[in-house]
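See below for the structure under consideration.
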Amino acid sequence: MLHFSASLTKLLGELKKLPGVGEKTALRLAFHLLKSPANVHALAESLVEVGSRVRFCSTCFGITEADPCHICTGDRDSALICVVEEPQDMLAIERSHSFKGRYHVLHGALSPLSGITPGQLKIRELMERLERGGCNEVILATNFTVEGEATALYLARLIKPLGIRITRLAHGIPLGSDLEYVDLATVQRAMEGRSEV
Amino acid sequence: MRTTECESIILGATDYGEADRLVTFFCHEHGKLRGVARGAKRSRQRFGGALEPFARLHLQVSLKEGLVRIQGADILTVFPGIRTDLGRIGCAGYACELVDRLLPEGGANPRLFRLLAAFLEFLDHSPYAESARRFFEINLLNILGYRPALEHCAGCGAGLAGLERLGFSATAGGILCRNCGTGSMPVTAATVTLLHRCLSTGRFGAVDFPPSALAEAGKLLDASIAIHLSRPLNSLVFLCELKEQAPGGSIQND
């Protein structure tokens, strides 16, 4: 086993904690940083800044520096709430510029096999938000996995008595793809959810 | 290392590293196996949405010691009916987790594979029914050799014919007569008869438990399963929580 200085070993240890970073990648990143001291300072500063300034919005639980976030305080349609599993999903929808309402991030999805139950997600906070009124439609934008579907079904059951319109994202054949290469399950769903032209 | 194609049911899958999936699957030809699907999250073409819990598919695998390598998957069905109902999702998850926890790795068990496939098929086309879950459980215990003794007293070995009030003890291994069963869980002969019928009828939905028998059979089977598990099943905790929260204890979607 190779032995490095204490600080370099510590850096390698920290880098290896990142997703997708193993021994070799950590070494490559560490030596790259050592070659450019200016970059080291900039990176260190931004890491400290992120750690101290970025937090979750107390309304939508998305990532923000100001609480409530700019989406929750801006002039977006407050009658429309899009429910997503993770902050990354919120960013994906924002990138599409197709949604002008507000969000609610659950921070996970129900999972019968992993034992993730409603109490571990931001579901109580969503219900409190809806019970305060002002929302006409909830868009369930959880993933199309078993866990995402279970979460959407659970939320639909909770929200239904409030008389709010509940919708689910459409799913089917991806844009620009050939039908012959699309998997059977997606084709089945697309056929079930076909629409009139 | 040899590459083969086998019919399988996914028992569970978790993310592994950046783009891989670690999959536990029940293979008709080779029993329960664990494998890694490299790049499963990136390659929609090789795996699509196939590596999802309780999906039934043809897997192309490279068999070797330890983790097998999953090369590709062709979906037979993802049981779309199950995915429309929370109770059915919970129950299918429970069945898969139960098989995963009670079945050792390796060694084909085609009877158990057929039972699990038939249960998922039933759930795909029928609303969640507690009777079907109990039907699955008693047959699973029977196939794995864990079935509680139902024909004779597990304490003294005496026949139970003609006895109406009986007892049950999971540690004793089955039904007890009045003499041996003092202080044990009370069970009626009618419930034992229904459990027998579950074993002789090879079809889900054929045995319908009345509410009192369902409660008794439930306690008996829960205790018989719990004795073989080191910790509670995650999916059972999930199902119980759903029941507690649902109006009237029904976990079916409207």
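The values are calculated or read from the model by the stated rules, or taken from the named source; none is laboratory data. All values derive from a computational prediction rather than experimental measurement. Cβ placement follows ideal geometry from the backbone for every residue including glycine, while neighbour counts extend to all protein chains displayed.
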- line: Of the residues in the range A:130-171 that are under 21 Å from the mean Cα position of the chain (by Cα), over 22 Å from A:ILE116 (Cα atoms) and in a loop (DSSP other than H, G, I, E, B), the one that is nearest to the other protein chains (Cβ to nearest Cβ) is A:HIS171
field: Meets criteria (more than 14 Å from chain B (Cβ to nearest Cβ), in contact with a Phe, Trp or Tyr (Cβ under 7 Å, 6 or more places away or on another chain) and basic (Lys, Arg)) for A:LYS122
entry: yes
- request: Check off (1) assigned by TED's automatic domain parsing to the domain that holds B:GLU216; (2) out of contact with any strand residue (DSSP E or B) (no Cβ under 9 Å at 6 or more places or on another chain) for B:ASP124 and give me the number that stays unchecked.
  value: (2)
- request: Inspect all residues belonging to the range A:178-188 and state whether any of them is in contact with a Gly (Cβ under 6 Å, 6 or more places away or on another chain), closer than 23 Å to B:GLY72 by Cβ and more than 11 Å from chain B (Cβ to nearest Cβ).
  value: no
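Using the structure shown, decide if B:LEU57 is among the hydrophobic types (A, V, I, L, M, F, W, C) and surrounded by fewer than 24 Cβ atoms within 10 Å (Cβ to Cβ).
no
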field: Those residues of the range B:92-127 which are closer than 13 Å to B:GLU137 by Cα and at the interface with chain A (Cβ under 9 Å from one of its Cβ atoms), in sequence order
entry: B:ALA92, B:TYR94, B:CYS96, B:GLU97
field: 1 or more residues more than 24 Å from A:LEU121 (Cβ to Cβ) and acidic (Asp, Glu): qualifying helices (runs of 4 or more DSSP H) within the range A:35-111
entry: A:37-53
task: Kindly indicate which of B:LEU236, B:LEU195 is in contact with a Leu (Cβ under 9 Å, 6 or more places away or on another chain), more than 14 Å from chain A (Cβ to nearest Cβ), buried (at least 18 other Cβ atoms within 10 Å of the Cβ) and assigned to a helix (DSSP H, G or I).
output: B:LEU195
query: Any idea which of B:THR188, B:THR171 is touching a residue at least 24 places away in the same chain (Cβ under 8 Å), among the polar types (S, T, N, Q), farther than 22 Å from B:LEU103 by Cα and surrounded by fewer than 21 Cβ atoms within 10 Å (Cβ to Cβ)?
result: B:THR188
task: Taking the options B:LEU160, B:LEU220, B:LEU166, name whichever one is in contact with an Asp or Glu (Cβ under 8 Å, 6 or more places away or on another chain), farther than 22 Å from B:PHE122 by Cα and surrounded by 15 or more Cβ atoms within 10 Å (Cβ to Cβ).
output: B:LEU160
